[in-house]
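To keep things clear, I will list the structure first and then write my remarks on it.
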Amino acid sequence: MMATEFHPPTAADVYAELQNIAQRTSTFNRLVSTDAKIAQTPKEVIWTLNKAKLYRYVSIVPEDKRHKLPLFLVFAIMNRPHVLDLRPGHSFVEYMLKHGYDVYLLDWGAPGPEDRNLKFDDYTLEYLPRALRKMKAISGSDRFNMLGWCLGALISTLYAALRPDDGLKNLILLTAPLDFTDKTAGGFIRWTCNQAFNADKLVDAFGNVPGEMIDYGAKALKPVENFIGNYLKLWDNLDNSKVVDAWHAMNTWVRDNIPMAGGAYRQLINEFYRQNRLIEGTLVIDGERVDLRRLNANVLNVIAEADHITPPCQSEGIMSRIGSQDKEVFRVQGGHIGIMAGSGAEKTTWPHIERWLAARAD
Amino acid sequence: MSEKNEAFNPFDPTGMFKNMRDTSMDAWSKLMIQLVNTDAYSQATGTMLDAWLSSSAPFRRMLETTMTQVLSNFNMPTRTEITSLAERLTNIEMRLDDLDAKLEENPRGARRGAAKSKPESNSGEGTK
């Protein structure tokens, strides 16, 4: 048995340790309160409308080696899309550029008070088709691939079902909230379907739903991890630059909250969460009924097994209802954001998406 | 042979609680996730939010009315007027986008037409 020897600390030891703690505290405070440089991949704005912007990323593969069909990325309307291009060396956009894709990203922008009445109708049939039209003009290709994440996947699905002949060949859905049949599934559905919750009153009071409120709601679904565990992880790994850089970049994205247009929020809660209109076949977008059987693009549905925001059952129900012949469900261990931005994304999710797309991209 | 005890560091303020923390965190987390997923929690937060929105509504209305009157008296535009102007600008922007689309479509259409007619002229040359 080994003997344990305790060396009483000297005054110099105490001073050095106190300095170390002060240094760590200072670093911690800096990381928590400052922004890291994110979304660094070179890009140009090729189209704007109201607050929305369409970016085209600068290709790094010679034109003759690029895939013919461009890749169009659509993120949620209540967060910045920078999570798709988090930091150099760990960016989905960068990864797809390296694999020869012509990548476009639609940034919806932060809605102002004048946008309080924007609905999914506007995002799906006013903004998205215009951005796609510009992408087609720039890329010279009438056919394209589209990747939608979270509410971006919902908008992409609506568009694919409403405009099946508009050139969409491959549709990738990431953690798509589409099927709200199970009202006890967890996530937001329990809160929003409770009769005490009044979305109309909330929108009437605020106009647009504040980003901080949405952020709080998302964090409150996993309160211990998000309000405590997240910061303890940083404190424990302050000496590990790899973890610190990743944490800082992610925290920068998480802190950058934007409001959600009131009209879209009202519609999301009442027509999707509560009435499940998309799956029931009663959803009407800009006067047109959304028929999922009309969706004929190839579909890859990526589901996060540990998603607390969009539980798997909200994504998988769509597969039997769409008209696509070529469709696949890909399940990944991880959370709502982690499957695309976590440390394992470039080993699991990104290669699978790239392989699936490459087999169908030309 | 003696060995320094690495597990115990009297100067690390979090060290003493770390082991205890790590073992309890997982259980605590699961408990909280269960709690926020109950109907009682949904009911409570919904009721609280509703009560706050209802009680603050008269003050918001009063503030809005007062602010509108003050701004009007100073000959300054109100929030509603600015918002309405911004909405009109967005509509104009959409019309410009439509015009842009039409302008872009013409050269594209012309290019397509040229591409279609090209093989014909080539074949014509070949017969000469």
Report summary line: In degrees, nearest 10, the alpha-carbon axis of helix A:349-358 is tilted away from the dominant principal axis of the alpha carbons of chain A by 30 degrees
Query raised in the report: Amide H neighbours of A:Met260 under 5 Å, counting only residues 5+ apart in sequence or on other chains, H built in-plane at 1.01 Å?
Result: A:Val209, A:Gly211
Report task. May I ask for the net charge around A:Pro311, where only other residues with Cβ less than 15 Å from the Cβ of A:Pro311 are counted and Lys, Arg are +1 while Asp, Glu are -1? Result -> -1
Requested in this report: For peptide A:188-200, compute the average count of partner chain beta-carbon atoms within 10 Å of each residue's beta-carbon.
Outcome: 5
Report task. Using just the helices of chain A, give the 222 nm mean residue ellipticity in deg cm²/dmol: DSSP H runs with n ≥ 4 each add -39,500 (n - 2.57), and the total is spread over all residues, rounded to 500. Result -> -10000 deg cm²/dmol
Query raised in the report: Listed highest first by mean packing, meaning other Cβ atoms within 10 Å per residue, what order do A:338-347, B:92-101 come in?
Result: A:338-347, B:92-101
Query raised in the report: What average count of beta carbons from other chains do you get within 10 Å of the Cβ of residues in A:87-95?
Result: 0
Query - Unsatisfied cross-links (Cα-Cα over 19 Å) in the set A:Lys37/A:Lys136; A:Lys43/A:Lys98; A:Lys219/B:Lys30; A:Lys53/A:Lys136; A:Lys37/A:Lys233 - result: A:Lys37/A:Lys136; A:Lys37/A:Lys233
Report summary line: Scalar couplings 3J(HN,Hα) for segment B:53-68 by Karplus 6.51 cos²θ - 1.76 cosθ + 1.60 (θ = phi - 60°), nearest whole Hz, x for Gly and Pro, are 5, 5, 6, 8, 4, x, 5, 5, 5, 5, 4, 4, 4, 4, 4, 4
Report task. Express in whole angstrom the spacing between the alpha-carbon centres of segment A:69-144 and segment A:154-223. Result -> 18 Å
Report task. Read phi for every residue in segment B:45-51 and hand back ³J(HN,Hα) as whole Hz from Karplus 6.51 cos²θ - 1.76 cosθ + 1.60, θ = phi - 60°, with x for Gly and Pro. Result -> 5, x, 5, 5, 4, 4, 4
Report task. With springs connecting C-alpha atoms under 10 Å apart, model chain A as a Gaussian network and identify which of A:Leu49, A:Leu171, A:Leu292 has the largest mean-square fluctuation. Result -> A:Leu49
**Report entry** Interface A:B - total buried accessible surface [probe 1.4 Å, Å², rounded to 100]
**Finding:** 4100 Å²
Query raised in the report: What does the charge dipole of chain A about its Cα centre add up to, to the nearest 20 debye, if the Cβ of each Lys and Arg holds +1 and the Cβ of each Asp and Glu holds -1?
Result: 660 debye
Report task. Report in % the part of the accessible area of segment A:254-297 that belongs to carbon and sulfur, leaving out ligands and nucleic acids; probe 1.4 Å. Result -> 40 percent
Query raised in the report: How large, in percent, is the carbon and sulfur part of the accessible surface of segment A:110-242 at a probe radius of 1.4 Å?
Result: 49 percent
Report summary line: For A:Asn301, other-chain or 5+-apart residues with amide H closer than 5 Å (H placed, Pro excluded) are A:Leu173, A:Glu328, A:Val329, A:Phe330
**Report entry** Computed over chain A: relative contact order in percent, which uses C-alpha pairs under 8 Å that are six or more apart
**Finding:** 21 percent
Query raised in the report: Given +1 on the Cβ of Lys and Arg, -1 on the Cβ of Asp and Glu, and no further charges, what dipole in debye does segment A:41-99 carry about its Cα centre, rounded to the nearest 20?
Result: 120 debye
Report task. Kindly report the accessible area of the protein assembly as shown per residue (heavy atoms of protein chains, probe 1.4 Å, no ligands, DNA or RNA), in Å². Result -> 51 Å²
Report task. Please list, in chain and number order, the residues 5+ apart from A:Ile77 or on another chain whose amide H is under 5 Å from its amide H, with Hs placed from the backbone. Result -> A:Leu151, A:Gly152
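The values are calculated or read from the model by the stated rules, or taken from the named source; none is laboratory data. Since the model is a prediction, treat every value here as computed from it, not as a measurement. Using ideal geometry, Cβ is built from the backbone for each residue, glycine included, and neighbour counts are taken over all protein chains shown. The accessibility values were calculated without ligands, DNA or RNA, using every heavy atom of the protein model including side chains. Shrake-Rupley method; radii C 1.70, N 1.55, O 1.52, S 1.80 Å.
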